[in-house]
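Report on the following structure.
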Amino acid sequence: MGTFAVGEKDFLFNDEPFRVLSGAIHYFRVHPDLWADRIHKARLMGLNTIETYVPWNEHMPDPGTYLDAGQLDLGRFLDLVAAEGMRAIVRPGPFICAEWDNGGLPAWLFRNPTIGVRSSEPGYLAAVDLFLSALLPTVAERQVSRGGPVIMVQIENEYGAYGKDKAYLRHLVDTVKQLGIDVPLFTCDQPFGTMIEDGSLPELHKTGTFGSRATERLEFLRSQQPTGPLMCAEFWNGWFDNWGTHHHTTDAAASAAELDALLAAGASVNIYMFHGGSNFGFTNGANDKGIYEPTITSYDYDAPLSEDGFPTEKYFAFKEVIGKYFAVPAEDPLPRGQGVPETLTVESAVPLLEVVSSLGSALSFRDGAPTMEDVEHYRGFGLYSTDANRGGVLTVAQVRDRAQVFLNGAPVGVLSRELGERAITLPGPGLLQILVEDQGRVNYGARIGEVKGLIGPVALDGVGLMHWEMTPLDMGRLGTLRERAIDVGTTSGVPGPSVSFATFEASGPGDRYLCLDGWTKGNAFINGFNLGRYWSRGPQRTLYVPGPLVREGRNDVMILELHGSVTRELRFAAEPDLGPHEK
């Protein structure tokens with residue numbers, strides 16, 4: 001058993017001054033068999049604590065289900081932190097941002113249009129209580145007061161940048177305490193304007209989030225909180241990437257200098273991120289400040305530990321700084337070795353539009369095109385179908401987020417939310433099909449909670465199209481299509497939209513870096529696991545394949561290609577390629 005408290009000047013662990021040297025690792029972005037490795041490497045850099053968010057939408061995909069196994073086994077993750085001799089900080093939101101789909105809020109919440117977002121609206125609070133009641137027993141039993149690693153729990157997340165509903169914050173505090181949380185509670189906000197005050201309550205410990213001008217930011221934080229330890233709860237040492245941009249990096253020496261300033265001031269720190277991991281599947285978020293910008297699959301973040309778990313220049317620069325103030329382990333992690341390049345060839349493929357019925361059941365609507373929420377389908381793809389009795393200009397009020405339009409099975413074009421496209425010309429009558437991709441829900445700002453799909457009205461030459469069938473596509477069933485695939489022969493490429501199949505042999509588990517040069521856009525799967533999205537516009541050119549996904553003997557690869565490829569080849573690269581760096 002132990003104690004952890006907020007003192008007049010310091011955090012107190014068992015009544016002794018304690019400096020939090022934390023690094024962020026999101027368990028839900030890392031294969032669970034790799035958790036121990038990433039945690040161990042955090043300790044080797046000199047850290048004593050691991051911080052993680054908790055994604056509500058992953059743990060609770062519908063109101064009656066709570067998932068906590070496999071990649072969502074928070075209890076196991078915290079136990080591994082304890083086994084490494086480290087402490088833990090848990091940030092359960094309920095909003096987490098994190099460049100994660102919908103900022104962690106479950107999409108099912110917003111099927112009710114009256115629901116409040118991050119407020120004291122009763123329907124929202126009831127849903128939050130449902131989540132916290134399922135989650136917090138796992139955290140409570142692992143608090144330091146019960147012999148576990150958890151020393152602090154966060155209330156909400158940068159709430160001052162969104163609102164100032166004190167009744168909402170009070171409800172969260174009362175709820176977590178009633179559910180057994182007795183370690184210190186804290187809030188974090190950017191040290192600007194009124195955000196720190198707006199996002200907290202008097203009895204909560206206030207921390208800041210920033211990545212530069214550390215001395216100035218700490219001074220502002222101190223002006224808002226005259227006593228108690230100073231802490232940067234998110235020391236931004238890198239950044240995330242959006243499709244169509246460069247790979248963001250920050251100078252290792254400059255980041256290390258800011259960390260030095262933090263530690264020299266006596267502050268505690270949580271490095272965001274220590275290890276970023278990956279946005280597997282359809283879990284990435286998006287930004288929208290006038291232009292919709294979905295986040296890429298890699299969440300490498302230019303962190304000290306790379307997406308595939310190896311130390312970077314920044315890792316050693318940070319370790320050197322920490323070593324100026326604290327004892328650090330002499331051991332260093334091994335560097336990444338060179339992988340062996342390997343080329344695979346697609347053996348068979350099946351056109352997606354011909355096998356839609358194998359991926360979902362069509363639902364009929366007579367009052368216009370439904371949203372994805374209307375069919376309780378919250379991620380991925382949906383196929384809309386109707387009869388067009390003539391050619392003309394097809395218009396959609398809004399597309400969320402990308403729609404491929406087909407007439408009688410032939411591609412007509414694409415309507416992209418990102419480009420603001422809402423109209424396309426149909427060359428004639430026939431079966432109109434629109435394959436809509438949810439490219440990730442906005443994770444920050446006023447557009448949190450927006451619905452996906454075709455947002456009506458949908459019209460042809462100004463006349464509304466009212467009769468639709470909508471098929472939610474379950475990408476978990478893609479493997480069943482293999483027996484329906486046909487040999488692609490010696491063709492130079494694979495048309496889309498389609499699902500292609502390949503295999504490779506392996507002597508056992510081991511990391512791979514899947515390169516899809518010559519392919520356009522889609523998702524890649526290894527042994528049924530959705531690695532995430534690829535897109536020829538970049539920046540990233542390889543998808544990380546965690547070693548535990550690879551098995552001895554035959555391994556299966558599936559490629560959901562939306563447009564078509566100029567090659568039948570897939571390639572495992574010798575090392576990751578996240579694209580050109582910013583200058």
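The values are calculated or read from the model by the stated rules, or taken from the named source; none is laboratory data. All of these numbers come straight from a predicted model, not from anything done at the bench. As a convention, Cβ positions derive from the backbone with ideal geometry for all residues, glycine included, and neighbour counts pool all protein chains shown.
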field: Residue that is farthest from the chain's Cα centre (by Cα) [pool: residues in region 397-426 that are touching a residue at least 40 places away in the same chain (Cβ under 8 Å) and not in a strand (DSSP E or B)]
entry: 409
task: Return the residue satisfying two criteria in turn: it lies in region 369-384 and is assigned to a loop (DSSP other than H, G, I, E, B) and not acidic (Asp, Glu), and of such residues it is nearest to residue 106 (Cα to Cα).
output: 378
- prompt: So which of 491, 480 is touching a residue at least 24 places away in the same chain (Cβ under 8 Å), more than 21 Å from the chain's Cα centre (by Cα) and under 29 Å from residue 30 (Cα atoms)?
  reply: 480
field: Subset of region 329-352 (residues that are buried (at least 16 other Cβ atoms within 10 Å of the Cβ), of a type in the set (A, V, I, L, M) and out of contact with any helix residue (DSSP H, G or I) (no Cβ under 7 Å at 6 or more places or on another chain))
entry: 344, 346, 349, 352
- prompt: For region 56-79, does any single residue satisfy the condition of being under 22 Å from residue 230 (Cα atoms), at pLDDT 95 or above and crowded, with 18+ Cβ neighbours inside 10 Å?
  reply: no
statement: Filtering region 465-500 down to residues that are surrounded by 13 or more Cβ atoms within 10 Å (Cβ to Cβ), farther than 19 Å from residue 357 by Cα and among the small types (Gly, Ala, Ser) yields 493
query: Can you tell me which residue in region 247-260 is farthest from residue 205 (Cα to Cα), limited to those that are out of contact with any strand residue (DSSP E or B) (no Cβ under 9 Å at 6 or more places or on another chain) and surrounded by 18 or more Cβ atoms within 10 Å (Cβ to Cβ)?
result: 252
query: Which condition number does residue 230 fail, the rest of (1) surrounded by 18 or more Cβ atoms within 10 Å (Cβ to Cβ); (2) over 20 Å from residue 25 (Cβ atoms); (3) touching a residue at least 40 places away in the same chain (Cβ under 8 Å) being met?
result: (3)
field: Condition check for residue 503: surrounded by fewer than 20 Cβ atoms within 10 Å (Cβ to Cβ) and not in a strand (DSSP E or B)
entry: no
message: Condition check: of a type in the set (Gly, Ala, Ser), farther than 30 Å from residue 133 by Cα and within 25 Å of the chain's Cα centre (by Cα). Does residue 244 satisfy that?
response: yes
Those residues of region 492-526 which are within 24 Å of residue 404 (Cβ to Cβ) and of a type in the set (Asp, Glu), in sequence order: 517
message: Take residue 556 and tell me if it is touching a Ser or Thr at 6+ places or on another chain (Cβ under 9 Å) and either at positive phi or outside any strand (DSSP E or B) (or both).
response: no
